[in-house]
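A.B. asks: Got a structure for you, written out below as structure tokens; questions coming shortly.
The values are calculated or read from the model by the stated rules, or taken from the named source; none is laboratory data. If you're wondering where the values come from, they're calculated on a predicted model, not measured in any experiment. Here Cβ is always computed from backbone atoms with ideal geometry, including for glycine, and neighbour counts include all displayed protein chains. The accessibility values were calculated without ligands, DNA or RNA, using every heavy atom of the protein model including side chains. Shrake-Rupley method; radii C 1.70, N 1.55, O 1.52, S 1.80 Å.
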Amino acid sequence: MSRDEDFTAYMSGRWATLVRSAVLLGCAQPDAEDVVQTTLARCYVAWPKVERAGNRDAYVYRVLVNALTDSRRRHWWREQPTPSLPEDADPLDPLSEVDVTDAVERALSGLSHEHRIVVVLRFYAHLTEQETADSLGIAVGTVKSRTSRALAKLAGSEHLADTADGKTP
């Protein structure tokens, strides 16, 4: 398989997951797509290096986190999300999948940047503790402690309180 074919196959198989990861890391959908496009452009240029990496996904997620950090540094003055929506949903409506997704995104927005990155990489991207540590350039123990603190904060999140009835995100 040629370099272009290998990259295209990788990209098409991971695009949606990478975009969703960027959204869970705090990007709006259009911004997430831009960050993922930047990530994949950077990875394409360095594709031989990505191929030599022990874990392609961990390498690409590291580039994604760096691209997201870079984009936030450049655009600190842009629109910022508000903590509440203009209108609340009817509390009598059954919890829909959209509501659960919204609750998870709100709960994640309450985490620090470092904690949110670890939670998304561990539980959405399904990276191991070691792969997460390698992706972020930190120790496995740091991944464990950040994960523990983040999960404790998520457990107490008011946004997830309504999902405790067996409906999980």
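A.B. asks: Counting residues that are among the β-branched types (Val, Ile, Thr) and buried (at least 18 other Cβ atoms within 10 Å of the Cβ), which helices (runs of 4 or more DSSP H) fully inside segment 94-156 reach at least 2? Show your work before the answer.
C.D. replies: Numbers: elements: 97-109, 113-119, 129-136, 140-155.
Helices (runs of 4 or more DSSP H) meeting the threshold: 113-119, 140-155.
A.B. asks: Sticking with this one: Out of the residues in segment 71-91 meeting the condition of being open to solvent by 40 Å² or more (accessible area, probe 1.4 Å) and assigned to a helix (DSSP H, G or I), tell me which one is modelled with the highest pLDDT.
C.D. replies: Quick first cut of segment 71-91, residues open to solvent by 40 Å² or more (accessible area, probe 1.4 Å) only: 72-91.
Still in the list and also assigned to a helix (DSSP H, G or I): 72-74.
Numbers: 72: 76, 73: 70, 74: 57.
Only one residue tops the list, namely 72.
A.B. asks: Turning to a different aspect of this structure: Only residues that are in contact (Cβ under 8 Å) with a residue 60 or more places away in the chain and loosely packed, with under 13 Cβ neighbours inside 10 Å: list them for segment 1-57, please. Give the derivation first.
C.D. replies: Here is the first cut: in segment 1-57, the residues in contact (Cβ under 8 Å) with a residue 60 or more places away in the chain are 17, 20-21, 23-26, 54-55, 57.
Within segment 1-57, just 54 meets the criteria.
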